[in-house]
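K.L.:
If you scroll down you'll find the structure; I have some questions about it.
Each value in this text was obtained by applying a stated rule to the coordinates, not by laboratory testing. These numbers come from a predicted model, not from an experiment.
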Amino acid sequence: MHTAMLSKTHFNGYDVINVNNGPWRVCTHHDRLGSFSTREEAMAFAASLPAYQERTALAPAIKAH
């Protein structure tokens, strides 16, 4: 039986993830931004990006009568 090994760090609003000793990935909730061979490279890339904040949908504008 095989169990997946997950390493996940949250940095500067981004997730830095490694699964089963594969490549390190820098992601948002919706997008994968980069893939790196070392954790240090992935963390440096995440540090170089602007701070990420999840955008929420704006409420519909209310018409004034």
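K.L.:
Under the Kirkwood approximation for Rh and a Cα-based Rg, what ratio Rg/Rh is obtained for the range 6-48?
P.N.:
Values: Rg = 8.9 Å, Rh = 9.9 Å.
Using Cα coordinates only, the ratio equals 0.90.
K.L.:
On a full-extension model of 0.36 nm per residue, what is the gain between Asn21 and Tyr52, subtracting their alpha-carbon distance, rounded to one decimal in nm?
P.N.:
In short, 8.6 nm is gained.
K.L.:
Fully extended, how many nm does the chain gain between Ser7 and Thr38 (0.36 nm per residue separation, minus their Cα-Cα distance)?
P.N.:
9.9 nm
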